[in-house]
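Asks: Structure below; questions to follow.
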Amino acid sequence: MSNIGIIDIGVRRELFVDDALIEGMEGGASLRLHNPAMKEIALVTDRPWEGNMCGGYKTYFRDGDLFRMYYQAWNGVIVEEEGKARMEEAPIRVGYLESDDGIHWRRPSLGLIAFDGSTDNNIVFEGIGPDCKGIHGFAPFKDDNLDCPPEARYKAVGASQTWPTALYAAQSPDGLRWSLLREEPIITAGAFDSQNLAFWDAERGEYRAYIRDFKDGCRGIKTCVSPDFLHWTAPEWLEYVDSPEEQLYTNQVMPYYRAPHIMVGFPARYVERQWSPSIEALPEVEHRRLRSKVSERYGTATSDGLFMASRDGRIFKRWNEAFIRPGLRPVGGWAYGDCYQGWGLLETASDIAGAPNELSMFAVEGYWRGTANAFRRYALRIDGFVSVNAARKGGELITRPLIFAGDRLSLNISTSAAGSARVELQSADGKPLEGFRLEDCYDIIGDTLDYTPRWHGGTDVRRLAGRPIRLRFALSDANLYGFQFVLR
């Protein structure tokens, strides 16, 4: 049998964030996007060096036993004179937070950079030179490339504040003390007026960047790669599967840490509208009118958060429904700049005792209002971006032919008390395999990140490893988030 079209998954975890492994679904089974749950306010940017424009671009990641977060410390004030209005913006600085659990954050007094004559603050960077090279959208990461020199173990990209902008690279030996990697920008083909990102892609053995540019006046995302972080290919536009043209303000793309062959992204969707009764009925209408005096779109535009995924880093399945909605809140959700999710995913403890860990992410609310922003935490089931869902009456999914390694099957699955699931292993041509038929599988019930299906003959599937098979899932009032063949 030819191996053309057969997918070798080995022991890697597979998620249903796209249809890459799906041959077909029937009986009402479908892919369902899941929304994270709104949690507590993690930080209010009320220090003198912070302000009301802090939350748009923030980065967070785990570094050993420590969680780190970087954010723009920035403030803007609307000034009215003689019937006209303008935005006065303070210089951008980069603030730094630490946490022991990824949920509760503190500002360490670092003593690195003076503000109003004192270094008793958490500022780590304020750009280089008169145009503040490398400051706008400052996005750090820890470089896991084994060839990375120690003085550049932490890297970041950021744009200059003057127009036209370019993208600069910064380096740090400890994540706190930063300098430019070189005086010249690393990428010049783009607009960069957003949070641009770069990181080491260990799965493909190269650095990858995601940057802002405009196409026919529409904000969008490009990507490029580099062997050394200094020399980059020409940026290419991302392509999307079955998505309308929409303005994407940020991108927030990263390899998913539990399945690094899959890139996930959380772009902010920017929507411009005209004044209407619906816009006037949104919260904070007086402040919305004030912002419109600077620019009409400042008062009428709104934003929300999206989810997308890719297996090659350029062609993405983008879910057209919102991942994070502005929501039911009197302030802080329905203005341009709100709902911008930060760059990163943190595995954190659940606030339900005994429950498994969950994914935490942070989005801004209250952007450009008052004197401070809020960073709100959102939580999601691990791997829980998208599931194969079937109602009580049932539905089925058949995978494409694949080859696996390992000796047991693990499912991330949730059912109701009345619901259930079963799984059948088939030959590549769709014939049930003896001992692994649907009727041989005991009903799967429960809610777990790691369920091992049991057939009448047991759980061991090692005799099928290395040969092409298909998986058939039968679901009733159940959600299947992902699967993996693992070694005991």
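Read-outs: derived from the displayed coordinates by stated rules, not from any lab. Everything numeric in this text was worked out from a predicted model, so none of it was measured. Because the Cβ atoms are built from the backbone with ideal geometry, glycine has one as well, and the counts that use them run over all protein chains shown.
Asks: Expressed as an acute angle from 0 to 90° and rounded to the nearest 10, what is the orientation of the C-alpha long axis of helix 285-294 relative to the principal long axis of the chain?
Replies: Result, in degrees: 60.
Asks: Which value, in debye to the nearest 20, describes the size of the charge dipole of the chain about its Cα centre when Lys and Arg Cβ atoms bear +1, Asp and Glu Cβ atoms bear -1, and nothing else is charged? Can you show the working numbers first?
Replies: Values: 57 positive and 68 negative charges, 127 e Å.
With Lys and Arg at +1 and Asp and Glu at -1, about 620 debye.
Asks: Could you name the aspartates and glutamates whose alpha carbon sits less than 18 Å from that of residue 155, not counting residues in the same chain fewer than 8 places away?
Replies: Within reach: 63, 98, 126, 143, 144, 147, 174, 183, 184, 201, 206, 228.
Asks: Here's something else I'd like to know. Using a 10 Å cut-off around each Cβ, can you sort 174, 46 from fewest to most neighbouring Cβ atoms? Can you show the working numbers first?
Replies: Details: 174 10, 46 14.
In increasing order of surrounding Cβ atoms, one gets 174, 46.
Asks: Which one of 353, 306, 149 has its Cα pushed farthest toward the positive end of the charge dipole of the chain, where Lys and Arg give +1 and Asp and Glu give -1 at the Cβ?
Replies: Sorting the options by dipole projection puts first 353.
Asks: Quick one: order 118, 226 by neighbouring beta-carbon count within 10 Å, fewest to most.
Replies: Details: 118 11, 226 17.
Placing the least packed residue first, the sequence is 118, 226.
Asks: Would you calculate a helix-derived [θ] at 222 nm for the chain, using -39,500 (n - 2.57) for each DSSP H run of n ≥ 4 and dividing by the full residue count, to the nearest 500? The partial results should precede the final answer.
Replies: Working: 3 runs with 19 residues, N = 488.
Roughly -1000 deg cm²/dmol at 222 nm, from the helical runs in the chain.
Asks: With +1 on each Lys and Arg Cβ and -1 on each Asp and Glu Cβ, and nothing else charged, work out how big the dipole of segment 397-457 is about its Cα centre, in Debye to the nearest 20. Can you show the working numbers first?
Replies: Numbers: 6 positive and 9 negative charges, 23 e Å.
Computed about the Cα centre, the dipole is about 100 debye.
Asks: On a 28 Å Cα-Cα criterion, which of the cross-link pairs 84/133; 39/293; 58/222; 293/317; 393/431; 133/222 come out too long? Display every interim value, and only then the final one.
Replies: Details: 84/133 31 Å; 39/293 34 Å; 58/222 20 Å; 293/317 38 Å; 393/431 24 Å; 133/222 21 Å.
Correct reply: 84/133; 39/293; 293/317.
Asks: What percent antiparallel are the DSSP beta bridges of segment 37-382, to the nearest 5? Could you put the intermediate results ahead of the total?
Replies: Working: 89 of 93 bridges.
Around 95 percent of the beta bridges assigned by DSSP in segment 37-382 are antiparallel ones.
Asks: Here is a further query. Please get the size of the charge dipole for segment 56-204, origin at its Cα centre, with Cβ charges of +1 on Lys and Arg and -1 on Asp and Glu, quoted in debye to the nearest 20.
Replies: On the way: 15 positive and 24 negative charges, 28 e Å.
Result for segment 56-204 is approximately 140 debye, rounded to the nearest 20.
Asks: Here's something else I'd like to know. Quick one: which residues, 5+ away or cross-chain, put their amide H under 5 Å from the amide H of residue 249? H built at 1.01 Å from N.
Replies: 268, 269, 270
Asks: What are the ³J(HN,Hα) values, in whole Hz, obtained from phi via the Karplus relation 6.51 cos²θ - 1.76 cosθ + 1.60 with θ = phi - 60°, for each residue of segment 430-445 in sequence order, with x given for Gly and Pro?
Replies: With the stated coefficients, segment 430-445 comes to x, 8, x, 8, 4, x, 10, 6, 4, 6, 7, 8, 5, 4, 9, 9 Hz.
Asks: First check a/c for segment 98-165, with a ≥ b ≥ c the square roots of the eigenvalues of its C-alpha gyration tensor; if it is under 1.5, answer rounded, and if not, answer prolate when a/b is larger than b/c or oblate otherwise.
Replies: On the way: a/c = 1.79, a/b = 1.03, b/c = 1.73.
Judged from the Cα gyration tensor, segment 98-165 comes out oblate (a/c at least 1.5, b/c at or above a/b).
Asks: With a ≥ b ≥ c the root eigenvalues of the C-alpha gyration tensor of the chain, is it rounded (a/c under 1.5), prolate (a/b larger than b/c) or oblate? Show your work: numbers first, answer last.
Replies: Details: a/c = 2.03, a/b = 1.68, b/c = 1.21.
Since a/c reaches 1.5 and a/b is larger than b/c, the shape of the chain is classed as prolate.
Asks: Moving on to the next point. Where Lys and Arg each count +1 and Asp and Glu each count -1, what net charge lies around residue 170 among other residues with Cβ under 11 Å from its Cβ?
Replies: Details: positive: 133, 155, 177, 182; negative: none.
Value of the local net charge: +4.
Asks: Does segment 109-209 come out rounded, prolate or oblate by the C-alpha gyration tensor, with a ≥ b ≥ c the root eigenvalues, rounded set by a/c under 1.5 and, if not, prolate when a/b is larger than b/c and oblate if not? Walk me through the numbers before you get to the answer.
Replies: Working: a/c = 2.28, a/b = 1.22, b/c = 1.87.
Oblate shape, in that a/c is at least 1.5 and b/c is the bigger or equal ratio.
Asks: Follow-up question, since we're still on this one. Report Rg(Cα)/(2.2 N^0.38 Å) for segment 391-488, keeping two decimals. List each step's numbers first, then the result.
Replies: Details: Rg = 12.5 Å, N = 98, 2.2 N^0.38 = 12.6 Å.
In units of the 2.2 N^0.38 Å rule of thumb, it is 1.00.
Asks: OK, next. Taking θ = phi - 60°, what integer Hz values does the Karplus form 6.51 cos²θ - 1.76 cosθ + 1.60 yield along segment 131-148, in sequence order, with x for Gly and Pro?
Replies: 9, 6, 4, x, 9, 5, x, 3, 10, x, 8, 8, 7, 8, 5, 5, 8, 6
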